[in-house]
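Everything on this sheet refers to the single structure shown next.
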Amino acid sequence: MIELTTIIDGKALAGEVEAETLERAKKLANKGIVPGLATVLVGENPASQMYIRLKHSACSRAGIRSENVLLPESSTEEEIIAKIEELNLREDINGILLQLPLPGGLNPQRAMMSILPEKDVDGFHPRNMGALLLGAERLVPCTPLGIIYALERLDKKLEGTEVVIVGHSNVVGKPLAAMMLNRNATVQVCHVFTRDLAEHTRDADILVVAAGVPGLIKKEMVRPGAFIFDVGINRVGDKTVGDVDYEEVSQIAGAITPVPGGVGPLTVAMLLRQTLNATEDQTKDQQ
């Protein structure tokens, strides 16, 4: 009997999270509390503008008030931090997101560290990252959280599972490795300097690819029946493709995310969920 590959529909899963978030937001609204998210966009990068629009559109569907702070491309680190500190002081703003990348070689670390940890809905503040490493997950990076959510919805057991992550960024690879370890998975993290990548990827029950290399993962690099999460978003000609050769790998995978429509919508959905979490934590005395 041939088992069909499960296509992990990120849009459908994100819709579930949006509906759940809207219900939570309505309960808060009945108590006079409206969750608020502020995004900070520096410059006019078209891709960043598109991501901001997606996030604000999702907020409107989920009962979250959102506003975008647009700063000129010429902004200094000090000016960005000053604006973030203004948002930190506002009680109607429960979550703050600094859209990356910043223009002109600006280092985002100082600016991200200036966001109050309790409003850091992207989960990048060192205090939140440190809590994650200690097993106390508070606000965590949204893409790894979306992957964990999808695995839970698919009833995929993590304890003792072989997880291979290709890519060791602070946004995906490192925090996802910590989250998997917190759930007692066995984790390998690979990257551009890993020798014989296929030797590692073939071990994976769950393979997460976030390398930024179109079509990096081929069919022969994947264990049949593995769950594949493709985080890559690459433009090849007029197409958007992932880091996994989807046509090939989907023939043998147990489950796989498409690009687009897989991990991306889940990432935005987790931003909504974390904004609600932050709001509830900040307004406990009003509930």
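Name the single residue, out of those in segment 41-62 being in contact (Cβ under 8 Å) with a residue 40 or more places away in the chain and under 17 Å from the mean Cα position of the chain (by Cα), that is surrounded by the fewest Cβ atoms within 10 Å (Cβ to Cβ). Applying the filter and picking the extreme gives L54.
Scanning segment 14-27 for residues being aliphatic (A, V, I, L, M) and surrounded by fewer than 20 Cβ atoms within 10 Å (Cβ to Cβ) gives a total of 2. Cβ-Cβ distances below 6 Å connect the following pairs, each with a first residue in segment 157-169 that is without any contact (Cβ under 8 Å) to a residue 24 or more places away in the chain, a second residue that is part of a loop (DSSP other than H, G, I, E, B), and a separation of six or more residues or different chains: H168/H191. Exactly one residue out of A226, A269, A210, A278 is among the small types (G, A, S) and farther than 29 Å from K55 by Cα, and it is A226. Determine which member of the set N94, N68 is under 25 Å from E20 (Cα atoms) and touching a Pro at 6+ places or on another chain (Cβ under 6 Å). So the residue among N94, N68 that is under 25 Å from E20 (Cα atoms) and touching a Pro at 6+ places or on another chain (Cβ under 6 Å) is N94.
Rundown of residues vs (1) assigned to a loop (DSSP other than H, G, I, E, B); (2) assigned by TED's automatic domain parsing to the domain that holds F229; (3) surrounded by 22 or more Cβ atoms within 10 Å (Cβ to Cβ), yes/no style:
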site	(1), (2), (3)
G123	yes, no, yes
A136	yes, no, no
G146	no, yes, yes
V164	no, yes, yes
A178	no, yes, no
L181	no, yes, no
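Screening the candidates L271, L216 for the property of being within 30 Å of R61 (Cα to Cα) and not assigned by TED's automatic domain parsing to the domain that holds C59 yields one hit, L271. Taking (1) among the acidic types (D, E); (2) closer than 20 Å to T267 by Cβ; (3) more than 18 Å from the chain's Cα centre (by Cα) in turn, D122 satisfies each apart from (3).
Taken over segment 185-205, residues that are part of a loop (DSSP other than H, G, I, E, B) and modelled with pLDDT of 95 or more amount to 8.
For A253, state whether it is over 30 Å from P101 (Cβ atoms), in contact with a strand residue (DSSP E or B) (Cβ under 6 Å, 6 or more places away or on another chain) and buried (at least 22 other Cβ atoms within 10 Å of the Cβ). Yes, satisfied. Could you tell me whether any residue of segment 19-29 is in contact (Cβ under 8 Å) with a residue 40 or more places away in the chain, of a type in the set (D, E) and within 17 Å of E280 (Cα to Cα)? Scanning segment 19-29, I find at least one residue that is in contact (Cβ under 8 Å) with a residue 40 or more places away in the chain, of a type in the set (D, E) and within 17 Å of E280 (Cα to Cα), so the answer is yes. Being closer than 13 Å to L41 by Cα and touching a Lys or Arg at 6+ places or on another chain (Cβ under 6 Å) narrows it down to one of I96, I80, so name that one. After applying the criteria, what remains is I96. Within segment 238-283, being over 24 Å from V192 (Cβ atoms) and among the small types (G, A, S) holds for S250, G254, A255, G261, A269, A278. Here R110 meets the list (1) part of a loop (DSSP other than H, G, I, E, B); (2) exposed (fewer than 15 other Cβ atoms within 10 Å of the Cβ) almost entirely, failing just condition (1). Condition check: modelled with pLDDT of 95 or more and assigned to a helix (DSSP H, G or I). Does K156 satisfy that? Against the criterion (modelled with pLDDT of 95 or more and assigned to a helix (DSSP H, G or I)), K156 does not qualify. Screening F229 against (1) outside any loop (DSSP other than H, G, I, E, B); (2) free of Cβ contacts under 8 Å to residues at least 24 places away in the same chain leaves a single unmet condition, (2).
Looking for something basic (K, R), within 23 Å of the chain's Cα centre (by Cα) and either assigned to a strand (DSSP E or B) or within 27 Å of L132 (Cα to Cα) (or both) - is there at least one such residue anywhere in segment 277-284? No, segment 277-284 has no match at all. Against the condition assigned to a strand (DSSP E or B) and either touching a residue at least 12 places away in the same chain (Cβ under 8 Å) or assigned by TED's automatic domain parsing to the domain that holds M50 (or both), how does V208 come out, does it pass? Considered against the rule, which asks whether it is assigned to a strand (DSSP E or B) and either touching a residue at least 12 places away in the same chain (Cβ under 8 Å) or assigned by TED's automatic domain parsing to the domain that holds M50 (or both), V208 comes out as yes.
The values are calculated or read from the model by the stated rules, or taken from the named source; none is laboratory data. These figures come from a predicted structure and were not determined experimentally. Cβ coordinates were reconstructed from backbone atoms using ideal geometry, including for glycine residues, and neighbour counts include every protein chain displayed.
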